[in-house]
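**Student:** One structure, as structure tokens, below. Some questions next.
The values are calculated or read from the model by the stated rules, or taken from the named source; none is laboratory data. Everything numeric here is computed off the predicted structure, so don't read it as measured data. Glycine gets a Cβ as well: all are built from the backbone with ideal geometry, and neighbour counts include every protein chain shown. Keep in mind that these areas ignore ligands, DNA and RNA; they rest on the heavy atoms of the full protein, side chains included. Shrake-Rupley method; radii C 1.70, N 1.55, O 1.52, S 1.80 Å.
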Amino acid sequence: MEVVLAKHAGFCFGVQRAVDEVYSETLRGGPIYTYGPIVHNEEVVKDLERKGVRVLDSPEELPEAMGGTVMIRAHGVPERIIREIDRLGIRCVDATCPFVKRIHNIVSRESAAGRKIVIIGNPGHPEVEGIMGWAKGSATVLESEQEARDFVCDPAEEICIVSQTTFNYNKFQDMVEIFMKKGYNVSVVNTICNATEERQTEAREIAAGVDAMIVIGGKHSSNTRKLYEICRQECANTYFIQTVEDLHLNLPESVRTVGITAGASTPNNIIEEVQNYVRFNF
Ligand code: F3S
């Protein structure tokens, strides 16, 4: 079977970097903790657990890590968490993605200069909670056009708008336009990372040119579902699987080429397994 594997399948640059850093820390020895799961993938978290890496879920659990190392994942954390780790004298390895770190720096600088911070993103997302936590003073999170329309502030105030890295670009533009029309004094920094869009664009292109398409990712992963929907529009034979075990495909005789892509939290070894299976078993 001819297989077309997406180059942008699976982990983005920031997540791959954070996962690699945890694995290299395990070689150093000593207790290691990640603040939140390093990636939303059970296989990876379990594998790290076997290597002695524990997950901390809240600031209250930080003292348990005294004498060890705490790793910050790609999404980043509020400044107060870094301060707390420091205060407790715990070694910290900050694997915040540089693109997220850039937003922290903007928010910190602009709020210190007296600007009101508006974050366009999902208020429940850990990345957004992290970004909020770098503002000196409060920050407002807006997720929808309606919320942008409802937003009011003193016209004398200067506003700095940033976005969650994975926010939809068109929606971001529409929301910014609403702000512009209100006549507020706004500076906008587009902080959307193109990893998600690149993955989606490539998946669409591959799906349009193959006889069958396989999308790998967690059942509850919304970005994988989105990839599946995009591929499905281009290729009727699109399959959503979690691991190679789900791959009991009865591909029609006419299928000559199969495309493969994967959601943002799917590790390379799972993608490899699926690829090899399809290549040699069909
Ligand atoms: Fe990934 Fe960093 Fe972009 S974590 S989605 S490369 S902002």
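**Student:** If I go through segment 69-90 residue by residue, how many of them are surrounded by fewer than 16 Cβ atoms within 10 Å (Cβ to Cβ) and of a type outside the set (A, V, I, L, M, F, W, C)?
**Tutor:** Summing the residues that are surrounded by fewer than 16 Cβ atoms within 10 Å (Cβ to Cβ) and of a type outside the set (A, V, I, L, M, F, W, C) in segment 69-90 gives 5.
**Student:** Counting only residues that are hydrophobic (A, V, I, L, M, F, W, C), part of a loop (DSSP other than H, G, I, E, B) and out of contact with any Gly (no Cβ under 8 Å at 6 or more places or on another chain), which one in segment 1-59 is most open to solvent (accessible area, probe 1.4 Å)?
**Tutor:** 27
**Student:** Filter segment 55-92 down to the residues that are among the small types (Gly, Ala, Ser) and in contact with a helix residue (DSSP H, G or I) (Cβ under 6 Å, 6 or more places away or on another chain) and list them by number.
**Tutor:** The answer is 74, 76.
**Student:** Since residue 245 meets every condition but one in (1) closer than 17 Å to residue 4 by Cα; (2) without any contact (Cβ under 8 Å) to a residue 60 or more places away in the chain; (3) open to solvent by 30 Å² or more (accessible area, probe 1.4 Å), which condition does it not meet?
**Tutor:** Residue 245 satisfies all of (1) closer than 17 Å to residue 4 by Cα; (2) without any contact (Cβ under 8 Å) to a residue 60 or more places away in the chain; (3) open to solvent by 30 Å² or more (accessible area, probe 1.4 Å) except (1).
**Student:** Then there's this: Select from segment 133-158 the residues that are open to solvent by 70 Å² or more (accessible area, probe 1.4 Å) and either of a type in the set (Val, Ile, Thr) or part of a helix (DSSP H, G or I) (or both) and list them in ascending order.
**Tutor:** The answer is 146, 147, 149, 150, 152.
**Student:** Within segment 198-245, which residues are among the acidic types (Asp, Glu) and under 14 Å from the mean Cα position of the chain (by Cα)?
**Tutor:** Scanning segment 198-245 gives a single hit, 198.
**Student:** Conditions: (1) at pLDDT 95 or above; (2) open to solvent by 30 Å² or more (accessible area, probe 1.4 Å); (3) not hydroxyl-bearing (Ser, Thr, Tyr). Residue 215 meets all but one. Number of the miss?
**Tutor:** All conditions are met except number (2).
**Student:** Do any strands (runs of 3 or more DSSP E) lying entirely in segment 191-282 carry at least 3 residues that are among the aliphatic types (A, V, I, L, M) and in contact with a Phe, Trp or Tyr (Cβ under 8 Å, 6 or more places away or on another chain), and which ones are they?
**Tutor:** Counting at least 3 such residues, we get 212-216.
**Student:** Out of curiosity, is residue 199 of a type outside the set (Phe, Trp, Tyr) and away from the ligand (no atom under 16 Å from the Cβ)?
**Tutor:** When the stated conditions are applied, residue 199 does not pass them.
**Student:** Going through 76, 114 one at a time, which residue ends up being part of a loop (DSSP other than H, G, I, E, B) and farther than 23 Å from residue 183 by Cβ?
**Tutor:** 76
**Student:** A further question follows. Report, ordered by the first and then the second residue, all pairs with beta carbons closer than 7 Å, sequence separation of six or more or different chains, a first member in segment 4-15 that is farther than 14 Å from residue 44 by Cβ and more than 6 Å from the ligand (Cβ to nearest atom), and a second member that is among the β-branched types (Val, Ile, Thr) and part of a loop (DSSP other than H, G, I, E, B).
**Tutor:** Note: pairs meeting the criteria are 4/210.
**Student:** Give the residue that is farthest from residue 29 (Cα to Cα), with candidates limited to residues of segment 55-83 that are of a type in the set (Asp, Glu) and out of contact with any strand residue (DSSP E or B) (no Cβ under 9 Å at 6 or more places or on another chain).
**Tutor:** 79
**Student:** Okay, moving on. If residue 252 meets every condition in (1) at pLDDT below 90; (2) open to solvent by less than 50 Å² (accessible area, probe 1.4 Å) apart from one, which number is that one?
**Tutor:** With (1) at pLDDT below 90; (2) open to solvent by less than 50 Å² (accessible area, probe 1.4 Å) applied to residue 252, the lone miss is (2).
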